[in-house]
1. Mind listing whichever residues of region 18-54 are part of a loop (DSSP other than H, G, I, E, B), closer than 28 Å to ARG269 by Cβ and of a type in the set (D, E, K, R)?
2. Go through VAL109, VAL177, VAL140 for me and flag whichever is farther than 30 Å from GLU206 by Cα, over 25 Å from the mean Cα position of the chain (by Cα) and either among the hydrophobic types (A, V, I, L, M, F, W, C) or not assigned by TED's automatic domain parsing to the domain that holds GLY318 (or both).
3. Is it the case that region 188-200 has a residue that's closer than 18 Å to THR334 by Cα and among the acidic types (Asp, Glu)?
4. Is there any pair with a first residue in region 7-27 that is at pLDDT 95 or above and a second that is part of a strand (DSSP E or B) and of a type in the set (D, E, K, R) whose Cβ atoms are under 7 Å apart and which are 6 or more apart or on different chains, and what are they?
5. Hey, which of the strands (runs of 3 or more DSSP E) in region 211-330, taking only ones fully inside, have at least 3 residues that are buried (at least 19 other Cβ atoms within 10 Å of the Cβ) and at positive phi?
6. Somewhere in region 78-101, is a residue at pLDDT below 95 and crowded, with 19+ Cβ neighbours inside 10 Å?
7. What are the residue pairs meeting all of these: first residue in region 170-194, first residue farther than 24 Å from GLY209 by Cα, second residue in a loop (DSSP other than H, G, I, E, B) and of a type in the set (Phe, Trp, Tyr), Cβ atoms under 6 Å, and 6 or more apart or on different chains?
8. Restricting attention to region 269-292, and to residues there that are of a type in the set (D, E, K, R) and in contact (Cβ under 8 Å) with a residue 60 or more places away in the chain, which single residue is nearest to ARG36 (Cα to Cα)?
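The values are calculated or read from the model by the stated rules, or taken from the named source; none is laboratory data. This is a predicted model, so every value here is computed, not measured. Neighbour counts are summed over all protein chains in view; Cβ atoms, including those assigned to glycine, are modelled from backbone coordinates with ideal geometry.
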Amino acid sequence: MSRLATIGDGTNTYAAYRYLGAGRIVAEDYEDIEVRLDYAADNFAALDRFGRVLDQLWTDYGADPDVVLDHYSYTYDRAGNRTSRTNELNHDFDELYDYDGIDRLISAVRADDFDQSWALDGLGNFAEFDDDGDTQTRTVNGVNEIAGITGGWISPSYDAAGDMISAPKPGDETTRVHYVYDAWNRLVKVYDDDSGAPGDLIAEYEYDGTNRRIEKEITEAGGGPTHAHYYFNHDWQLLEERFVDEQDELLASNQYVWSARYIDAPLVRFHDGNGDGDLLDVDDNIRYYTGDANYNVTATIDAAPGEVVNRYVYTAYGKATLYDDDWSNPSAPTTDGPLYCGYFFDAETALYQVRNRYYDAALSMFINRDPIKYEGGMNLYAYVGDSPLTRTDPTGLENFYVCGRDIDSRGGTKACCASACGCYHFDIYGDQSGLVLSGWDRRRGEFPPVAGGGTVPTGPGWKCYPLRRAHKTLIPIPSPVSVPPLVLEKTIRWGPAKGKSCKDASSADILDCFRGKPKRTGDPGILENCQTDCLDAAEGCCLTGLRPATIIPPPQIFY
């Protein structure tokens, strides 16, 4: 079936995969260190009937008995929002979440009494922010740039292009930091503050013609390497960072291998501490990664003893805290690498490099405008529509749901619909070039308004793109074709449970429905695209009216 079975170098197997149906990864096995993430155990008890993660369990199965290395469990509301996250190894970090009427996060309460809450305006800006008792208000201008912050934080300032040129320093928000951009609005220099003006240089960055950051030079800090070169694959995944001296001689390097589960899920890092090309010296190491259901790196494992070295805890919007393996000695991270949602963390600035933009977890926003303008939403600085617990933004351009399916930049059957009865909010319709035309609002059972009027065409030539957020105002349809409105059906359509409400249906009901679905020659409906995936069977059995639109994701969109 041309599915990826293993990742390795011919001698060592770094990861092996098991699948449910055509493309859903349900087990990832780090065979070399005998550590496994397994959703398939106990008849897929780790997944609910919508494919959402209930249990994220990493186990050292080489030990006798098995040792749990990392473990999180989740609950959801009927809209698909995560309502709790339980750290099964340390309940001090259990969390409860609450949302407003349009599914934006408004509170995160942690068992160790670290609590955050937000009051949001209509465009998702933080009108008020309670950061564990430190309260602030924010005002914004007409283009959602922060005009003022109370509570002691520095207020940002912007240039004419909307780039944040000074801001509160992440981790020390009463101190100002200065940013400099090139003509393409890419961050190229970061300075400390000197009485309100740029002072000492912190870091300097260079990019190639496709916006990939290929070089970084930082001021001396702690005696480590200060000049790095970066090398990527065609999916913009970092393969190697090479630290060099003034003569470009190699001092050290990190090489990364990435998981097949998600574009920003790191699998293993090989650290050559002296640049001699082997991994045998005292400063060399091999570190594997574990993560939670939102692809946050939650622990690193040293391959030699197979034991956890560090753990990571995050606020809802990504501020990271580093812990020892026993959850002691909390501190801010001091080394670069993938952390929150797998984004690359720059220790010198505490910003995340998210391909096309930089993300500030302290401000909970990007530091410059969305390069795709209002295609990504009405607020050009907002992060994932204020829903950071079930969405990620791997490109820095748009946000994507992660609560039900693997997300992958390479398309295929992983991009098929995973929800039944409104786990996700929208399906997106567009022409064969990928132009977004309209979306099916599953909550209201209708299409949002189409700018300029018109109706949504179906039939040959139109495709359904699931898992992408629709907006209140959508792109006009050229030459609209009138068709009957699509109908949202909320009952099982075939099999012994026919007529049962989808919200009451069991996995067995859905599978029986799938098996009982009449097959018609040439039918290009959903079930013809992912026939062996029971999650897509749920979509086919609980939603109707999507045919003849097929599910073929446009190649330029990350899923």
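1. Initially, region 18-54 is screened for residues part of a loop (DSSP other than H, G, I, E, B), giving 21-23, 31-34, 39-40, 45-46, 48-52, 54.
Still in the list and also closer than 28 Å to ARG269 by Cβ: 23, 31-34, 39-40, 46.
Scanning region 18-54 gives GLU31, ASP32, GLU34.
2. Details: VAL109 fails: over 25 Å from the mean Cα position of the chain (by Cα); VAL177 fails: farther than 30 Å from GLU206 by Cα.
Only one candidate qualifies: VAL140.
3. Yes - at least one qualifying residue is present in region 188-200.
4. Listed pairs, sorted by first residue: ALA15/GLU28; ALA15/ASP29; ALA16/ASP29; TYR17/GLU28; VAL26/ARG18; ALA27/ARG18; ALA27/ARG36; ALA27/ASP38.
5. On the way: elements: 213-218, 227-232, 238-244, 250-258, 266-272, 285-291, 297-302, 307-314, 320-324.
Because the criterion is at least 3 residues that are buried (at least 19 other Cβ atoms within 10 Å of the Cβ) and at positive phi, no strands (runs of 3 or more DSSP E) in region 211-330 meet it.
6. Yes, region 78-101 has at least one match.
7. Close Cβ pairs satisfying both conditions: GLU173/TRP153.
8. ASP292
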